[in-house]
Structures are given as C-alpha cells and as structure tokens.
Amino acid sequence: MPEVMKLNKLGSFTMENLGQSKSAVGDFMKKKKEEQGASFQDQMLKIVRTLPKILKYLPNDKAADARNFILSFQYWLGGSSDNLQNFLLLLSQEYVLDEPIPDMKIAEPVEYPDTGIWHPLAPKYYTSLQEYLDWNSRRPDLAHLDKNAPTIGLVLQRSHLVSGDEAHYVAMVQELESRGAKVLPIFAGGLDFSVPVNDYFYLRGTPCVDGVVSLTGFALVGGPARQDHPKAVQALSKLNRPYMVALPLVFQTTEEWRNSDLGLHPVQVALQIAIPELDGAIEPVIMSGRDSNTGKAHAIQDRTETIAGRIIKWAKLRSTPKKEKKLAISVFSFPPDKGNVGSAAYLDVFASIFELAKEMKKAGYTIEDVPQTPREMLEMVVNDSEAKYASPDLNVAYRMPLNEYEEFTPYSERLHESWGPPPGNLNTDGKNMLVYGKHFGNLFIGVQPTFGYEGDPMRLLFSKSASPHHGFAAYYTYLEHIWKADAVLHFGTHGSLEFMPGKQMGMADTCYPDSLLGTLPNLYYYAANNPSEATIAKRRSYSACVSYLTPPAENAGLYKGLNELRELVGSYQTLKDTGRGPSIVDAIADQARICNLDKDVPNLPDGDSADLEPEERDTVVGKIYAKLMEIESRLLPCGLHVVGKPPSAEEAIATLVNIASLDREDDGIKGLPTIIAESLGRTMEDIFKGNDAGNLKDVELNQEITMAVREAVRDLVKDRTDEEGRISKPSPLSSLFKQEPWLRTLKQAGYKVNEKDVKPLFEYLEFCLQQVCADNELGAMMKALDGEYVLPGPGGDPIRNPDVLPTGKNIHALDPQSIPTTAAVNSAKVVVDRLIAQQTKDNGGVPPETIAVVLWGTDNIKTYGESLAQVMWMVGVKPVQDGLGRVNKVQLIPLEELGRPRIDVVVNCSGVFRDLFVNQMALLDQAIKLAAEADEPDEMNFVRKHAKAQAEELGMSVRQAATRVFSNASGSYSSNVNLAVENATWEDEAQLQEMYLERKSFAFNADDPGMMASGRQVFESALKTADATFQNLDSSEISLTDVSHYFDSDPTNVVSKLRGDGKKPNSYIADTTTANAQVRTLSETVRLDARTKLLNPKWYEGMLNSGYEGVREIDKRLTNTLGWSATAGAVDNWVYEDVNETFMKDEEMQKRLMEMNPASFRKMVSTMLEINGRGYWETSEENLERLRDLYQEVENKIEGIE
C-alpha cells in the first residue's frame, strides 16, 4: 500500500492497519489482487457498496468508524454535488460537532452505474448498447448523416459526468457530430476502462466503432499509480482500431500552457503521455483546460477541432476503398544534396519503398508505373525528367502558384519573420513553390525539404531555431490540400518535421509540427534502436511509429595488417618457450606500429625484447592480443536493412551470441560466458580484469570462451533451421534420445557446464532467434494504412532487451519515473569508478574536480538510466524510490560511505533528453544543489568549492551558482555544430565553439521546472573548471562516427578555450556495449571506430552492396570523423591517410563509387580536401593533386560533360 494511503484515518479506524493482520480473508484478497490486477479494484468497489449494510449491525465503535469511512468513500466516489454535500454532513455530524444537530437528514449515497453510455442530449445513462443505438437513430438532428458515417468511440470518466464537469466532453461530442461522425461515448466509475470497451464497443460480437479517443488522459487499465498494460493491450488488440488518448490540462491553467515554451507540465507528461503510450496510444493532443476561478474543465476549441479532424481521418482509412486510398511517402535528404535523397539510419530506403509498393499493389491499391528495380525508382525521384542534361534539381512533381499556397497555408504569414514573403529562395523557381518527388498512381514519393538554414552560418548561431521556410510549408500543404493524401508515411530515421519549433510537449495550434501536419494521419518507419527520437516524433508530430530492424550484426573481424599481427601472436603462443620468443615479440611490436596500434598499446619494445623477462614479454603480447580481439569481436551492422526482409537465421548468429553473453538477473538467466567461467572455478569479472591488464593466459581464456559461445550458438541455429534456412523445431521425441549439440560442443571444448543453467538460457535464445527472424514490418504498416491498431512494443537495443523484437511494433519508451533502476545504479558505479581511476592516472595522480558530461535520451531508455545514475554517483547522491518504485527524490551519500570527494559536474542534456526526462533533470539539479549546500570541507566537496568561488565571481547565491544542468532553449535541438560541419559552412573552430555556447547554455532550475533560461555566464564559469569530458556509448549499432550528434555535443575544445591555463581536458567514452564495460579515451574510441567500420572491408563492402545508399553511408562516416577533428582534435593523421589509400587511390574503388552515387563521392573528395585545408591531415602534394583532379572528374560526370 502506498504511504499516502496509510494516512487515511477516521475515528478509531485507520488504513495503516488494514491488511496487516494475518487472516484467510486477507490472504485471499492479496492473492486475488495479484491474479486480477486492475479488475480487482472494481470488485473491491462492489464490496464497498455492500459492507456498510453489514457493519451497521455490529455494536462497537470501531465497526461504526469503519462503516462511516466506507460510507464516506461511497459519497466521494459518487462525486455528484448531492453526494459530496452528504459526505460533509456525515463527517460533521459524527466527528466535528460537539452536539449532533437533531433531525439532520443525511441521505444514503446515490449510486450510479459503474459503466455505461452517456450522451449530453440523452435522457439517461444507458447500460444497454442496443437501447442507446435505438435512441440515437431516432434523433432528428442526425437524420442527414451518411449511413456509412464513421463511428467514433469516446472513453470518459464517470466522475466528470456526475459532478457536472463535462463541458469538454460535450464540446467533443458536438464537434465530431458536426463533422458527420456518429459518437459512442462510454464511461467507467473505476479505473478499468477496458470493461466498458469490451461491453459497449461490440455489436453482436463485431466492433461497432471505427476509431477510439480516450478523454481520460490515463492508461486504459489503471490510474496514475499503477497500470495493467497487458490487459489494456489485449482489449485494444481485440478491438483493432486506432486508439488516441487526448489530454486535459491538470497542473496548469490554459493561459499558463499557452504562454509556456515548455508546453505540458513535466509531471503530466510522465503520467498522461508516457504511460498511455505503453498501451499503444497515439496522438497526445491537449483537449481541455481548467478555469482558474472555478477549477472546472473547459474545451479548448481549436484543439477539440484538431482531435476530431484527426480521428475521423484515421477512421476513414478503414472505410476508404484501397483502390481510392492515397499514400504520400516522405523521404529525407540530409545534408541537402542530390546524393543524399533517401537518407535514413541503417535503412535501404528505396529498396524498402519498392517492397512496400509491391505489397500495396498486391493488396489492391492503385499503384502505377512502378519500375523494375529500386534503383530505377530512385532515379525517377532524383532526376528532373524535364531537364535536357544532368540537372542539380530533383524531379518536380508539382508547381504551386503563390495564391494557391497562401490560400491553403493560413499560417504562412508567421514564416515571414524568418524568411520574408513567399516564394523565398528555397524550393521555388521564383514564381511557384516547387514540390519535389514522383507520382506512382495513388502513391506519391516526395522529398521532404530541409531546415533551410544549414548553409547559413549566421542562422546557425541563433539560440532558437528558425521557423520552417515557405518551401517546407508548401510541401505539407500540397500533401493534405492539393493532392489530398489519406495519410503520410515518413520513411526512416529521421526527418525534420518533429524538430520544428514549438512547445516541447503538448502542441498548440501555433506550434509548427501541428500547423504543418494539419489533420493528416502520420505514419513513420522508425529504427527500433532509437526510442527517444521516435518518442519525439510521436509526441510532437503525432506519429504512429512502426519499428524496423537495424541490419544483422557481424563481428568486425581482422583484415590486412591486423590479420598478419594476429598470426604473429599465434606464432608467439606456440613458440614463446623456444629461443625464438624475443624475436617474435619484436616482430609483433613492429607490426603493431605499422598498424598504428602503438598509441593504444604504448611503450612497445623497440628491438630489445630479449632484455625483458618472460612475464613482461607475455604482457606485451597479451595487451596487443587483447586489443586485436577487441577489434575482431566488435559488433557492426553490415549493409542496410530492407523493410520486409528480416535476417536469415545464419545472419542472426552474431546478435544471438551477444544476447547469450549477458547475465539477465531479473529473468534468472546466466550468460554463457558466466556459466563457462563458473565451470572453471573463475568469474568473468576476474577474467576481464586479467584480460584488460594484458595477462596473456586470461586474454587467451577470454578468447577461448568467446569462441566457445559462438560455436554453441551456431549449433543452436543449425539445429533449429531446415535445409532452406527457415526456423524449425525438432520433434520432442528426437531430443529425448540425443544430447543437445551445444552441450556436446561445450563438453568437447573441455567445459563441464551446469546443464541446469544452460537449459533456460538456450530456451531463451531459441525464442530470441524466432523473434529476430520474424517479419512483421510490412504487415504492421499495412494494418496501420487500414486504420487498425498496431501492437505497442519497447524501442531499444535488441541485445540488451530482446522484447524490442520482433520489429513492426508501435515504439514506446518507458515510464520516466522508473529510472534509474537499481541495476542501472550498480552498473553506473562500476563505470564512474573506472573513469575516476583513469583520469587520476592520466593526470599524474590528481583526481578530477569537475567532469563535463553529455546525457542522451536514447541511452537512458536503453540502459534504464545508467548515465543518469553515473552523474548521481559522481556527485555522491543516490536515488530514492517511493512505495510504488518511482524515483522522485535523491539523498546525499555521507562522505564516509562515499570514500572520496564529491566531483563537480557540468551536465549538458540533448534536446531529446530535455523533452523526455524533465523530472530527471530536476533530480540532477536537486542532487547537485544538495551537494553545494552541504557543510563539508572544500577538499572533499568540489561542487561546493566551485559553487562558492563562482558565487563570489558572479555576484549570486551559492545555490544559483551551483546551476549545472543545461540544454537547448525549449523547442530547439542540437548545437548546430553538426549542421555547420556537414555543410562545410564554418570558418574556424572558434565559430563552432560560439555555436555550442550560444545554443547549449540554457539552464534548468528545479525550483522552476521545465523553464530553460539563458545561463551562459554560469555555464562558462562551470565549464572552465572541467578536467575531463565524458560521454557514453550504449549500443554496438550506433558509435561515435555513425551519427553527428556525438561530436555536435562534445565540449572538449570549448573547455580548452575557456580554461585560463589553455589546458585541453582529457576526453573519455564509456563503452557498455559488451559485458566487459570499458572507459577509453576519445581518440582511442575514434581509432577503434575507424578500424572496425570506415576502414574495414567487411563494413564498407556490406554498405556498397546497397549501391547509392551505401556510398552515402561511407561519406557520412567520413564527415563525422572530420567532426571529431573540429570539436576535439581526436583524429590521428593515419586515419585520413588510410581513408585516402582505401577510397581515393584505388582506381577500381573510385570507379565503383562514382558509378553508384557520384554526388556522394564528390562530397567525399571535397571533404578530404577540406580536412587537409583545415590542417587536420598532413599528406603529400601528389595526393592532394590527385584529389583535385578527381574532384574535377566527378564534377564533369555529374554535369554530363564528357
């Protein structure tokens, strides 16, 4: 029982003692509660009604007090003005007045139906669907309705109806009916709304609604405190209709919401957006406010219109014949360039669209003129069909006259402030607005315009992002009002719509995502491993996100000189005890230098290995071997995913190996490495420690265990697939007479493992194999296009959380109040302790006083708050859970228990983290200020030490000076450093640093939660004390050079500029992608990334298998590598030299890249010249001359010059 409930007391009756005594009844109730979840509460409400009738016959005072308490509970639940009046009279008569008032009449509680159907014009509450339908069909005001009009189901709270606080409900019913829809409004008195859904949304066993909007703001089953999501999903899956949850403003008035950049209050976001999303709810649009004088709800008319318009459009997806239904697919081109059309994270966009078009045509959609191959489809979109030569422009699908644009874009005048009057100079021919794309019958593939300010250094410096430009607005106007699409599908992670300026959450009509989208149902194919940005798309642009899988992972392997080095290590292992040992170590050291491993393994012998002791030689080889195995075993996605083409069982092996390698304590499953280590009397923690120290025996053992795990998993896959590679299960009888092959493999390798531990692990792996290879991505999208319910599921890393699989789910994040979890806190301690030890070692034995930390939304979702817990552990605080397991408080850890000084932090949160985790930002702010105000010596509390100095320097209180949590201004995202680098629009590093300081210096204050106030002075003052910068890598799929966000948020050079001594801070990256968590330097991680991806034939050949898109992916990694030179000076010269050797000097490779995607190849060549021009790469004049010639050659090809 939650603590607050225990405080309920009336006379001698107290809730605190309820259920404390042992009794058969108590045990029965507890058991029933566990079995029935939320429906138990509804049964208890029925008991509440009958209990007072029994208790009044019991003579003692305790029984009278219990009866009065339960009666008062009945009055309260009844909620009507009469019931509440009698409630107060009862309490006054029995417990307040010294002398009871004679002849006072206190009526029994008026009872209302637990569930039923309500309508503002109806004479009563209906408990029979047929009776309600009969009444509704006789209404003369609905006689004009089309017999095929959509029926919208509304889910309401009975408390609003019986208390007369239903103005917002009335407005919604009126709006829907005025738009030609029938309405079926159901209610529940308790918190299990699935009961009336099941009772009243079916007519003779068939669903009788076309779409559902819950106006409660709650989960379908349960309230803010506790929910039953499986029961909700079961009810909604059976109903199989679009399910929206609209929001009443609870913690703020309408005026406060309208005037707020934040939008919806953070507590309400957590309770009434995040939690319903777990049920599969979409489109969290605000519907009502509350009067600041009366406290009653009132409709917000424009929001009511938006909800009505959108749910009717969703409902019409069910009724519109497929042959008439129009779908607009939006693809992205980022950075803006002809070679980047169809950009999306790890997705082969045009091959995927090609598969979807085939599926739609097969289902009866009017799809015309589809070419034979995805490449031809791409060419039709990319190339201007009217141009007589190779044009820089894309294909023009529509020319929109300015009068038409202004007529159908009523908000266009608001764009003038940023862009002037239309047409502007983007997506226009000077007279008309241009919509780029190509029609294929009722399928339109359009190219979403870009932000528009990527190439303007001055705009990039603005602290708040500019509005969309006229071309962007014209694109969405065309989709909804001119071409009249029934739905839009944004294809792949990710576009710009959801990041347009507006409130963080709870959009108003003035927010650009809302204005642009209008009433178009918005579908979105989104990468399953990116739940944070998917959540932004869901909440800011009303997207129904359908997840897609990232490509099958493979181990990076070894190649070229690294392979030769591995062979030398093998020779040493065989011959080390002969006289050849020292010479082989010298050869290994020489080859390591050739492979540029000397920075990763410093102090290599230089021809003097004979002078070393045998143990020292072993350690040298052990460290190199460990580094090689780190590279070899690194997981990397190979190629690009095609929607509707799941990996084969064989392709799933590397993913399964990594799933098998993690301990899952919550599920009672040990990882296979742990099981093997235990069979040897060791622990993996001990083996990892020896491996990292270069202990050759432990390095060898670690590798042997890794190979054994791979072979065992390979045996499982082989045993569970047929000759055609399909998953099949052997008959139970056959397994009775043979030992499972993986057990045989482990036994042959010499491991006598505990079979009781192995059995549940391999049952789990078998389940995961089926999920990885399942194909539901096309099926889920086809369901969504038919106006059906798409099953919800978590986003994240499928290795950490296989519940992400199978893909094709409506992605959700998590309950933000649930993090950090206990497991996350324990993992965070390990990483932070290693980070402090590494910085102390690298800083001559001096521990860090301040660490600048970057927090990301996605990694906190995937790891359940590990990086959040890391910051807390640095400062020396711990999160405190309440009775429901929610984290809403923090507590200082005593210095004696902490055992070290409190470390100061400067926390910069991504814009996505800010939007999703405002409550956690408040926890961090509270934690840091607790430390700053603690009465502790400066040498043991660096937070307080620095805050006192800053307070004096800046003339403010210590509490104000202890502000350490920063992000962008509300509604803005990123520092724009990434845009400047990607578009080569920056003059020097100082300009990039100014962008960072201008855009990322908005301070968070828990005393005024959610309001991001400019705090550049405090930000700079705190940053200049930083000894180190720190970020996390949480997934093998996304590393430092895969996306631009990492370097965009890195403050390394900024700190160096601000520090008075000019000292560059050490930069560290925590890598928790494997069980053996590592803290590496930034440069070391960039080198690892380059070796395993950009320079790795396995990776780039996998990408080139996708042709056009693959070249773009290589170009993107190169640009992001440049980003690390620009923001942190973290890239070694040899990396660029090897890029030049691999892609620029090899004539065969040049030819392939030029043929596949000349525009992206041109960008690669120009980037190499830019890297040299900015002083990040020293190379020969011969190499530079070749690059200049190559640039001219590819330019001529693009321009069509022979």
Exercise for the section: Could you tell me which residue of segment 62-96 is most open to solvent (accessible area, probe 1.4 Å), considering only residues that are free of Cβ contacts under 8 Å to residues at least 12 places away in the same chain and under 21 Å from T14 (Cα atoms)? Expected result: W76
Completion exercise
Per the list (1) surrounded by fewer than 21 Cβ atoms within 10 Å (Cβ to Cβ); (2) of a type outside the set (D, E, K, R); (3) modelled with pLDDT of 90 or more, residue check on V267 breaks on (3)
Handout entry: Residue list for segment 887-911, filter: open to solvent by 10 Å² or more (accessible area, probe 1.4 Å) and of a type in the set (V, I, T)
Key = V890
Practice task
Go through segment 1010-1054 residue by residue and tally those that are out of contact with any strand residue (DSSP E or B) (no Cβ under 6 Å at 6 or more places or on another chain), among the hydrophobic types (A, V, I, L, M, F, W, C) and open to solvent by less than 10 Å² (accessible area, probe 1.4 Å).
Solution key: 3
Practice task
Filter segment 413-427 for residues that are under 24 Å from L394 (Cα atoms), buried (at least 16 other Cβ atoms within 10 Å of the Cβ) and not aromatic (F, W, Y) and give the result.
Solution key: P422, P423, G424, L426, N427
Completion exercise
Within segment 578-606, the residues that are among the β-branched types (V, I, T) and more than 16 Å from R566 (Cβ to Cβ) are T578
Completion exercise
Of S1166, S1125, S1180, the only residue that is in contact (Cβ under 8 Å) with a residue 60 or more places away in the chain and among the hydroxyl-bearing types (S, T, Y) is S1166
Completion exercise
Contact list, first residue from segment 950-974 and under 29 Å from R459 (Cβ atoms) and not assigned by the TED database to the domain that holds L997, second anywhere and at pLDDT 95 or above and assigned to a strand (DSSP E or B), beta-carbon distance below 6 Å, six or more apart or interchain, is none
Exercise for the section: Out of K697, K718, K689, report the one residue that is open to solvent by 60 Å² or more (accessible area, probe 1.4 Å), of a type in the set (K, R) and under 21 Å from R744 (Cβ atoms). Expected result: K718
Completion exercise
Listed by first then second residue, the pairs whose first member lies in segment 362-375 and is outside any loop (DSSP other than H, G, I, E, B), whose partner is of a type in the set (K, R) and open to solvent by 40 Å² or more (accessible area, probe 1.4 Å), with beta carbons under 8 Å and at least 6 positions apart or on separate chains, are A363/K322; I367/K361
Exercise for the section: Taking the residues in segment 1040-1070 that are at pLDDT 90 or above and among the basic types (K, R) as candidates, determine which candidate is farthest from L979 (Cα to Cα). Expected result: R1059
Completion exercise
Among (1) touching a Cys at 6+ places or on another chain (Cβ under 7 Å); (2) at pLDDT 90 or above, W742 falls short only on (1)
Practice task
Please go through segment 289-315 and pick out each residue that is under 22 Å from G180 (Cα atoms) and either outside the structural domain of Q252 (by the TED database) or open to solvent by less than 10 Å² (accessible area, probe 1.4 Å) (or both).
Solution key: I300, R303, T304, I307, A308, G309, R310, I311, W314, A315
Handout entry: Out of A351, A357, sole residue that is aliphatic (A, V, I, L, M), out of contact with any strand residue (DSSP E or B) (no Cβ under 6 Å at 6 or more places or on another chain) and more than 28 Å from S214 (Cβ to Cβ)
Key = A351
Handout entry: Of the criteria (1) within 25 Å of L161 (Cβ to Cβ); (2) at pLDDT 60 or above; (3) among the small types (G, A, S), which one A63 fails
Key = (1)
Practice task
With respect to V1139, determine if the residue is farther than 20 Å from G1107 by Cβ and either within 34 Å of the chain's Cα centre (by Cα) or open to solvent by less than 30 Å² (accessible area, probe 1.4 Å) (or both).
Solution key: yes
Practice task
Find the helices (runs of 4 or more DSSP H) located wholly in segment 769-862 whose residues include 1 or more that are modelled with pLDDT of 95 or more and under 30 Å from K1064 (Cβ atoms), and list them.
Solution key: 822-842
Problem - Given (1) outside any helix (DSSP H, G or I); (2) of a type outside the set (S, T, Y); (3) without any contact (Cβ under 8 Å) to a residue 60 or more places away in the chain, number of the condition A1130 does not satisfy - result: (3)
Fill in the blank from the handout: Counting only residues that are under 20 Å from H160 (Cα atoms) and basic (K, R), segment 81-135 contains a total of 1
Exercise for the section: Could you pull out every one of the helices (runs of 4 or more DSSP H) wholly within segment 428-524 that has 2 or more residues that are open to solvent by less than 30 Å² (accessible area, probe 1.4 Å) and either within 24 Å of S970 (Cα to Cα) or not assigned by the TED database to the domain that holds V981 (or both)? Expected result: 470-477, 512-517
Exercise for the section: Return yes or no: is A587 crowded, with 21+ Cβ neighbours inside 10 Å, under 26 Å from R1087 (Cβ atoms) and at pLDDT 90 or above? Expected result: no
Fill in the blank from the handout: Of the candidates A931, A949, A927, the one satisfying the condition of being open to solvent by 30 Å² or more (accessible area, probe 1.4 Å), assigned to a helix (DSSP H, G or I) and among the aliphatic types (A, V, I, L, M) is A949
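The values are calculated or read from the model by the stated rules, or taken from the named source; none is laboratory data. The shown structure was predicted, so the numbers you read here are calculated from the model rather than taken from an experiment. Methodologically, a virtual Cβ is constructed for each residue, glycine included, from the backbone with ideal geometry; neighbour enumeration extends over all protein chains shown. These accessible areas exclude ligands, DNA and RNA; they are computed on the full protein's heavy atoms, side chains included. Shrake-Rupley method; radii C 1.70, N 1.55, O 1.52, S 1.80 Å.
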